[in-house]
Amino acid sequence: MGQVPRQPFGASPHDDRGAVAGWLPARVPGDVRADLIAAGRIPPVETPEGIAAGQWVDEGDWWYRVALPADITADETVILEADGMDYQSAIWLDDELLATHTGAFARQAIPLPVQPGGAHELAIRIWGGGALPRLSTATGTRLIRGVLDRMATNVEYFPDRMATTKAQFGFGWDFSPRVLSAGIWDDIRLVRTHNAYIENLHIRPDPLTEDDPTAVRWRLRLRVTRLHPCAVRAEVTIRPENFEAGGYHSAGRTINLCPNDAPLCTADYDLAVEMAAARRWQPWDQGEPCLYRVTVRLLDGNAVLDEISEVTGVRTVERGTLPGGAPWSFRINGRPVFLRGANWVPADVLPGRVTADDYDRLIGQARAAGVNFLRVWGGGVREKRAFWDACNRLGILAWQEFPLACAFLDHYPHNAAYLDLLEAEARGAAQLLRNHPALLAWCGGNEISAKREALPLGRLANVLREEDPDRPWIPASPSGGDVHQWGVWHAFEDWATLADARAPFLSEFGLQALPDANSVAEMFPKPLPDSLSDPRWAARLAQTAKLAFYAGDAPDLAALIAQTQRVQAAALQTGIEACRIRREPRAPGDGATWGGDHCGGVAFWQFNEPWPAVSWSVVDRAGRPKAAYAMLGRSYQPLLIAAHFPWMMDYVSEDVLPMEFWIVNDAPVEQPGCRAEAHLDGRLVWSATDINVPPGAAMRMDFIEVALAGAPEKLELALLSAGGAPLACNVYDLSVPRPQGAPPWRAAQMHRLGMRLIGG
């Protein structure tokens, strides 16, 4: 890769490779900045100083080049497939311009006119971040921007990020600095074919019974381009991918491609394959995530013209209504599944650097914490295949949001050029992701007004009706009973109010906490900050006024870290369990739940982070967990024993501690003959025996009031089998401080206004 001066982006860019002064090694997938860091040309972007020193990167444009293999034969056609180039790009073969492109999330498939046995160079030009399009600066827009700046609202009005479908967080967010990625960020490959090319494969397995295993009709749609006249037979093979099974299924069919004499044509072909018994893909807490590999070969006689292979699963997903009418019941393979979720943000400020190993580590940590659902947040990226492969293998559901985020006072462009680009990006994302059984639903975006964004959301819905009609479509988060509870934190509300959460679906809430002491030491040169008054915290995005409000004072850094993490853990535990004890019963009348006040799922903000920051994450950028992570392993276990406290009770000053005891079973099997115990500061205060815990239910066990001799410290709960084996446990830190003083009036009013503007 190498740098050249800026030129305008357009349909006919100039080939200025000759202006590159020096070529550097490049790694793809990757990022221009990542290559410059590896070459020692800019410092790492893990520090604010490093980011500032590399700002000049945005003002240049960049070339990638590579020599193609020399063994291409005369009967082969070569297709370049690029799953993501960020953001404005042009492709050359030798000195011939083949295509220009805008966008980051849709696949490009470009035939390369190579000559057999010849030397060829593939070259890709990437425009730097400074060339990104900007929004109009009309007089009214400038006026409102100026007023908001003087009011210090921290609300942008028509920010330039909204002119693009690029990942919005890269322009700067409250958990991530401004770093404009650029380069070949997703997979790229050469496909060598003979006479015919499979552009994509859509797999729709239809279970024919309620059983598992079940008879299945596999419906396959192939998009095929004929490159030369030929008769083609399609051969389909379906094999188990991650489990042992006796034998496998295969089928063949002859299809005639383009019966006319046109040298090139593209058409869709539908195939159907019957399978007598297939195992279903289940979320990990409901069963096994069984996967199948579906391979389609195009044959001319015995010669393979092209081949495509996808890993998928047999499963159904329905979005229904909870008792009471809210549309937040998700049924997987006909069974209500409560979503124990976390918000997923990009794993790196340079998403091109994220590898399959990174995904495996982070998603493995989520699975180990009891998470069965990830919300891929709309300010981030359309995640890579490796992300979805990991979710498939681990049995974790996820929904993918489109790149629309946080338009509070305004809306995304309504002009044809922007809407056409958004539609193309959405179509590409749908075609790339739709075969993954882990993909639960599509969502239009984060914290946008469904009314003001009716045009872009309408385009997205139309694309999904064509490309992926079987999955639920959620116009925006929040909407329709989904709640982002930011009264706690942004409006300075008491975190204990989360115990009274009544949302049908709670998809955002959380508190910042300082990261692990080792991570803090890596953030700052010595001496390390020892209090929240140190101005260096701001460069790491700490919202120190709110941290101080919730965590209070601490004598040193170690105590400050511990205190912020304890408060974060207590707040998340409170909100999570308030939702879980309201889960939808497996069938009407089953289980004991609060009547008419059901919940379909919860997702805290946020699981991971892309940059070493003081953020809401429970796993920091270095991969080190905060205290809340250990809490998740108890509060998110499928079988939960929980205590619910009236949030308005001030435990320290009262003589009596009231509490309810609940047992929640998200698993599909009953737990009979259980025993439960509660110990307050080591003293047994409650027990119950011969408890039969039905599947898919939340049971209110008891309400007690315990006389106190002093301030309580810790409550420990245990659920044991009939034989005494531990089934579930839980711990409550009752000494976590509650915030003192009234919330600032202005913060509360701004929060309420923001939620009204997006319909939240």
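With the cut-off at 1.5 for a/c, could you classify region 285-379 from its C-alpha gyration tensor as rounded, prolate or oblate? Cα axes put region 285-379 in the oblate bin.
Leaving ligands, DNA and RNA out of it, report the carbon-plus-sulfur percent of the accessible area of region 485-590 at a 1.4 Å probe. Carbon plus sulfur share of accessible area: 57 percent. Got the relative contact order for region 6-125 handy, in percent, Cα pairs under 8 Å and 6 or more residues apart? Computed value for region 6-125: 26 percent relative contact order. Rounded to the nearest 5, the antiparallel percentage of DSSP beta bridges internal to the chain is 80%.
Given a 1.4 Å probe and every protein chain left where it sits, what share in percent of the accessible area of region 17-97 is carbon and sulfur?
Answer for region 17-97 is 54 percent, counting heavy atoms of protein chains only.
Put Glu401, Glu318 in order of accessible area, highest first, and with a 1.4 Å probe you get Glu318, Glu401. Using the Cβ atoms and a cut-off under 13 Å, what net charge is assigned to the surroundings of Arg683, where Lys and Arg are +1 and Asp and Glu are -1? Within the 13 Å Cβ shell, the charges total -3. Of the whole protein surface, Lys714 contributes about 90 Å² of accessible area at a 1.4 Å probe radius. Pairs with C-alpha atoms separated by more than 30 Å, drawn from the list Lys526/Lys626; Lys451/Lys626; Lys546/Lys626; Lys546/Lys714; Lys166/Lys526; Lys526/Lys714, are Lys451/Lys626; Lys166/Lys526; Lys526/Lys714.
Entry note, region 600-651: relative contact order of 18 percent, from Cα contacts under 8 Å with a spacing of 6+ residues.
The Rg/Rh ratio for the chain is 0.99, where Rg is the radius of gyration of the alpha carbons and Rh is the Kirkwood radius. Between amide H atoms placed 1.01 Å from N, distances below 5 Å from Val685 occur with Ala678, His679, Leu680, all of them 5 or more places distant or on a separate chain. Normalised by the number of residues in the chain, the mean separation of alpha-carbon contacts (under 8 Å, six or more apart) gives a relative contact order of 11 percent.
With a Förster radius of 22 Å applied to the beta-carbon distance between Cys729 and Asn518, the computed FRET efficiency rounds to 0.20.
Relative to the longest principal axis of the Cα atoms of the chain, helix 139-151 runs at roughly 30 degrees. 3J(HN,Hα) couplings calculated from phi for region 622-628 with the Karplus curve 6.51 cos²θ - 1.76 cosθ + 1.60 (θ = phi - 60°) are, in sequence order, 7, x, 8, x, 8, 4, 4 Hz; Gly and Pro show x.
In this simple spin-label model, placing a label point 7 Å from the Cα along the Cα-to-Cβ direction at both Ala39 and Asp597 gives a separation of 6.2 nm. Each label was represented as a point 7 Å from its Cα along the Cα-to-Cβ direction; for Arg204 and Leu190 these points are 3.7 nm apart. Between the residues Ala461, Asn446, Gly481, the greatest Cα displacement towards the positive end of the dipole of region 438-539, with unit charges on the Cβ of Lys, Arg, Asp and Glu, is found for Ala461.
Around Leu98, what is the net charge, scoring Lys/Arg as +1 and Asp/Glu as -1 over all other residues with Cβ under 12 Å from its Cβ?
-3
Remark: region 562-579, residue by residue, has Karplus-estimated 3J(HN,Hα) of 4, 5, 5, 6, 5, 5, 4, 4, 5, 5, 5, 4, 4, x, 4, 6, 4, 7 Hz, where x stands for each Gly or Pro and the curve is 6.51 cos²θ - 1.76 cosθ + 1.60 at θ = phi - 60°.
Computed from backbone phi with θ = phi - 60° and the Karplus coefficients 6.51, -1.76 and 1.60, the 3J(HN,Hα) list for region 177-187 is x, 6, 9, 8, 5, 7, x, 8, 8, 10, 4 Hz; x is used for glycine and proline.
Please give the FRET efficiency for Val66 paired with Leu264, using the beta carbon to beta carbon distance and R0 = 35 Å, rounded to the nearest 0.05.
Efficiency, rounded to the nearest 0.05: 0.85.
On full extension, the segment bounded by Trp56 and Thr254 gains 65.6 nm, given 0.36 nm per residue less the C-alpha separation. Can you give the net charge of the other residues whose Cβ lies under 15 Å from the Cβ of Ser721, counting K and R as +1 and D and E as -1? So the environment of Ser721 carries a net charge of -2.
With the cut-off at 1.5 for a/c, could you classify region 215-359 from its C-alpha gyration tensor as rounded, prolate or oblate? Verdict is prolate for region 215-359.
Packing, taken as the mean count of other beta carbons within 10 Å per residue, orders the peptides 38-48, 386-396, 662-672 from highest to lowest as 386-396, 662-672, 38-48.
Under 5 Å between amide hydrogens, built in the peptide plane, is the criterion, and for Cys443 it picks out Gln400, Glu401, Phe402, Ile474 among residues at least 5 positions away or on other chains. Accessible surface computed residue by residue for the chain, with neighbouring protein chains in place and a 1.4 Å probe, gives 38 Å² per residue. Taking a ≥ b ≥ c as the square roots of the eigenvalues of the Cα gyration tensor, region 336-494 is oblate, since a/c reaches 1.5 or more and a/b is not larger than b/c. Solvent exposure of Tyr197, expressed as accessible area, is near 10 Å², computed with a probe of 1.4 Å over the protein chains only.
Candidates Gln108, Thr497, Leu432 compared by Cα position along the dipole of the chain: farthest toward the positive end lies Thr497, with charges placed on Cβ. Set the Förster distance to 25 Å, then compute FRET efficiency between Arg178 and Glu46 from the Cβ-Cβ distance, nearest 0.05. Efficiency at R0 = 25 Å is approximately 0.95. For region 508-591, the convex hull spanned by the alpha carbon atoms encloses 117 Å³ per residue. Taking 0.36 nm per residue of sequence separation and removing the Cα-Cα distance, the Trp473/Glu307 pair yields an extension gain of 56.6 nm.
The values are calculated or read from the model by the stated rules, or taken from the named source; none is laboratory data. Keep in mind the model is a prediction, meaning the values are calculated, not measured. Because the Cβ atoms are built from the backbone with ideal geometry, glycine has one as well, and the counts that use them run over all protein chains shown. Side chains included, ligands, DNA and RNA excluded: accessible areas come from the protein's heavy atoms. Shrake-Rupley method; radii C 1.70, N 1.55, O 1.52, S 1.80 Å.
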